[in-house]
Amino acid sequence: MLPSFVQGCGIVYETKGVIRMRWQAKWIMPATDLGSRAPAFEKTFRVDKPLENATLRMTGLGVYEAAINGVRVSEDVLAPGWTAYMKRLQVQTYDVTCMLSGENVLRVLLGKGWYRSPLLTWQDGTIQKELMQRPAGITAELTLTYRDGTSETIITDESWRAGESEIRFSELYDGEEYDATFLPAQLPAAVVFDGPTHTLIPQEGVPVREQEHIRAARIFTTPKGETVIDFGQELTGFLQVELDAREGEAVDVSFAEVLDQEGNFYTENYRSAKCRYRYICRTGPQVYKTRLTYYGFRYIRVNSFPGEITPDSFTGIAVHSLMRRTGHIRTSDPMLNRLVSNIIWGQKGNFVDVPTDCPQRDERLGWMGDIQVFARAACMNFDVEQFLGKWLNDLAADQHEDGYVGSVIPDVWTHVHDRGNAAAAWGDAATIVPWEVYRAYGSLEMLRRQFPSMKKWVDYIGSATENFPLWTGGWQWADWLGLDAPAGSYKGSSRESFIATAFYARSTELVIRAGHALGEDVTAYEALYGQIVSAFRKAFPEYTTQTECVLAAHFRLAEDPQHAADLLAARVRADGVQLRTGFVGTPYILHVLSEYGYADLAWELLLRRDYPSWLYPVGKGATTVWEHWDGIMPDGRFWSRDMNSFNHYAYGSVADWLYGAAAGIQVCEDKPGYERIRIAPQPTRRLDWLEASVETRYGLVSSRWVKEPDGFRLEITTPVETEIILGAERRTAAPGSYILHWPQKM
């Protein structure tokens, strides 16, 4: 077991450009294929003169953990992260000056990670298996600069050694097995191979780190007689075990998100992901935690454990990309507060270097539809400018020359499936996510970098459709998981060409907005937008579902958006004040209702406790956001075995309505990044109070309202000039704090 990261040294991130220096190091790997065993790489060297500086640059084909003299070189985990590997592989730079003296050993453990994971053959294990069998290799340069002005560079080459390590099994989906008794003989010589150097780039993304440490909430025995530990919170990350044992004794653990109807341990929704955790003990007190993979879980089943299990025997360690929390929402309703907490935990659990759909089952892919609908909320909850900026670079890298964008980024399907057709609302992340990042942070540099990708996506739609300027034909995810789906279908009843054309218009509109912000000529796209809207109105004069009403009003495609909103309100009421929407309609439904005069109905939908609703899972004990409103049905049975994640953040997009409509904190889009702010709250007498805040690039903006007998008391703080809108009353406020009274007839 390696000690913790040494204090006083650190990681240095180079964040711009492609590595231009001569990369002298070679790629090395073990001389024999180790299968799923994680290899160790070692280099022994001496430092006999006073050091001025020591810098380690390295990367790997997999995920690595590097240590010098038994001490990790960084707190970062799962490096080098996940990128569009065929085009971009990140190199990390570490300052290791204070770690070296005399004789030193640089040791690197390497797991399969994302690079050689079964995710590359997701849904079809027979396709392109060679992708999983790519070499398990590293490349590194350690530059030593001495105080006498001399320097030397130690590179990965044939002088290194590589072979088996204590990690006897390592897979992204299937977990990890560690043998503390394993004592290998001297490692064999490493061999050099022709690894990638033209794809090397400096670290762009934020590091992945260990975050919260979560103690067991309870230990209990299930009706089946199994010992289960509940951490009280679904998390994504590592598991740590602490015990006193004898050599050869084993700790064996399984992972789960939920218990079944009878209260037994349940893993069927993990599908083929084995999620193993096995630790073979040495003699004496010892601590071990996951090293080269991660799990999504709330519960663990202890299959074997030497001695008595106590609350301190196991610790859950949340792992996610290093993001600063910037947004907070609190209300007088404990269930609504729990929903907000679930949204935050869902974002943390799915922002592990890339924005994934779920962190537990045999998927964990960078689904475009999920991040597209969640991007605005993500940018308010946390500072994700660098996180999403790196992911957008992968999107642009994986985009085809004709503008095609797949449904997942990094696009692992490019190499394992026929390309097929791109899908609306998923591919449109190519325009929507850059715009939301620009809107939240005001980064023209990022927008300029993504602008060619945004245009190429819109151009692709025009070339791929069967009936220009409508978007018709090809595969569509449609209103995925819509509650109005016909029997036997995952797709809601909204027309596919309606949804696709609506997003064609939306993406074109965003290209126009981005072009105006950048001073680019977008007259051709302005003409195209007019054509799309005109064709949409002619082809779709009526709206047949909640989602169709939502899109027609929210994207302002209807000739009379108010009429579309009126129809939506009527449909919601006719449906028993219930959602009938899926991935496409749900993120916008409350916005449409509140914007067009139905704020009370929006609140009624949000605060609904019964299925289907945002708060129904909260009532079922959820601690993250579910993939399905009825993942656990009212009678306790499960919605599905094969597609039933209990940590899917997409429907957590409702947080942006809580910030932007309930509390009223809004960006003025002509002054992005909160350079100018609009505060237009829409309070409800269903709550006693609500408060929200966002830490912007200009400072903290906050909005709080409290119910009073004759109206509402508002407390507002803003760092910039702000337009305050209270019903029909508008005023401009300078930076500062304000208390206002908003009388309303009861």
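The values are calculated or read from the model by the stated rules, or taken from the named source; none is laboratory data. Everything numeric here is computed off the predicted structure, so don't read it as measured data. So basically every Cβ, Gly included, is an ideal-geometry build from the backbone, and we count neighbours across all protein chains shown.
The table below gives the values:
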| item | result |
| --- | --- |
| Test for Arg537: is it among the basic types (Lys, Arg), modelled with pLDDT of 95 or more and under 12 Å from Asp484 (Cβ atoms) | no |
| Tally of residues being closer than 18 Å to Leu78 by Cβ and either assigned to a strand (DSSP E or B) or touching a Ser or Thr at 6+ places or on another chain (Cβ under 6 Å) (or both) across the stretch 276-291 | 4 |
| Matching residues, the stretch 86-107, being in a strand (DSSP E or B) and either closer than 28 Å to Pro196 by Cα or of a type in the set (S, T, N, Q) (or both) | Leu89, Gln90, Val91, Gln92, Thr93, Tyr94, Asp95, Asn104, Val105, Leu106, Arg107 |
| Flag if Tyr525 is crowded, with 22+ Cβ neighbours inside 10 Å, assigned to a helix (DSSP H, G or I), touching a Ser or Thr at 6+ places or on another chain (Cβ under 6 Å) and hydroxyl-bearing (Ser, Thr, Tyr) | yes |
| The stretch 375-389 residues that are more than 17 Å from Asp656 (Cα to Cα), paired with ones that are of a type in the set (Lys, Arg) and surrounded by fewer than 24 Cβ atoms within 10 Å (Cβ to Cβ) (beta carbon under 9 Å, 6 or more apart) | Gly389/Arg449 |
| Some residue of the stretch 536-543 being of a type in the set (Lys, Arg), more than 26 Å from Met643 (Cα to Cα), more than 27 Å from the chain's Cα centre (by Cα) and in a helix (DSSP H, G or I) | yes |
| Flag if Glu234 is part of a strand (DSSP E or B) and outside the structural domain of Leu172 (by TED's automatic domain parsing) | yes |
| Failed item, numbered, when Trp629 is tested on (1) buried (at least 18 other Cβ atoms within 10 Å of the Cβ); (2) assigned to a helix (DSSP H, G or I) | (2) |
| Listing of helices (runs of 4 or more DSSP H) fully contained in the stretch 338-441 that carry 2 or more residues being more than 21 Å from Gly585 (Cβ to Cβ) and out of contact with any Lys or Arg (no Cβ under 8 Å at 6 or more places or on another chain) | 385-398, 429-441 |
| Test: residue in the stretch 681-696 that is assigned to a loop (DSSP other than H, G, I, E, B) and β-branched (Val, Ile, Thr) | yes |
| Filter result for Leu605 (out of contact with any His (no Cβ under 6 Å at 6 or more places or on another chain), hydrophobic (A, V, I, L, M, F, W, C), surrounded by fewer than 19 Cβ atoms within 10 Å (Cβ to Cβ) and assigned to a helix (DSSP H, G or I)) | no |
| Some residue of the stretch 196-214 being charged (D, E, K, R), in a loop (DSSP other than H, G, I, E, B) and under 33 Å from the mean Cα position of the chain (by Cα) | yes |
| Only listed residue being outside the structural domain of Ser702 (by TED's automatic domain parsing) and surrounded by 24 or more Cβ atoms within 10 Å (Cβ to Cβ), chosen from Tyr588, Tyr649, Tyr596, Tyr616 | Tyr649 |
| Condition met for Thr139 (assigned by TED's automatic domain parsing to the domain that holds Gly35, within 32 Å of the chain's Cα centre (by Cα), modelled with pLDDT of 95 or more and buried (at least 16 other Cβ atoms within 10 Å of the Cβ)) | yes |
| Of the criteria (1) farther than 21 Å from Phe451 by Cβ; (2) touching a residue at least 24 places away in the same chain (Cβ under 8 Å), which one Glu466 fails | (2) |
| Every residue from the stretch 243-273 that is closer than 17 Å to Lys620 by Cβ, small (Gly, Ala, Ser) and in a strand (DSSP E or B) | Ala256 |
| The one condition in (1) touching a Pro at 6+ places or on another chain (Cβ under 8 Å); (2) under 27 Å from Ala180 (Cα atoms); (3) among the polar types (S, T, N, Q) that Ser321 fails to fulfil | (2) |
| Unmet criterion (only one of (1) in contact (Cβ under 8 Å) with a residue 24 or more places away in the chain; (2) farther than 23 Å from Val584 by Cβ) for Glu445 | (1) |
| Residue in the stretch 33-50 that is farthest from Leu187 (Cα to Cα), counting only those that are in contact with a strand residue (DSSP E or B) (Cβ under 6 Å, 6 or more places away or on another chain) and part of a strand (DSSP E or B) | Arg46 |
| Qualifying residue in the stretch 221-230 (condition: among the basic types (Lys, Arg), touching a residue at least 24 places away in the same chain (Cβ under 8 Å) and within 17 Å of Asn303 (Cα to Cα)) | yes |
| Breaking point among (1) among the hydrophobic types (A, V, I, L, M, F, W, C); (2) surrounded by fewer than 22 Cβ atoms within 10 Å (Cβ to Cβ); (3) over 24 Å from Arg556 (Cα atoms), for Val408 | (2) |
| Failed criterion for Asp362 (all others in (1) surrounded by fewer than 21 Cβ atoms within 10 Å (Cβ to Cβ); (2) within 9 Å of the chain's Cα centre (by Cα) hold) | (2) |
| Test: residue in the stretch 292-314 that is part of a strand (DSSP E or B), surrounded by fewer than 23 Cβ atoms within 10 Å (Cβ to Cβ) and touching a Leu at 6+ places or on another chain (Cβ under 6 Å) | no |
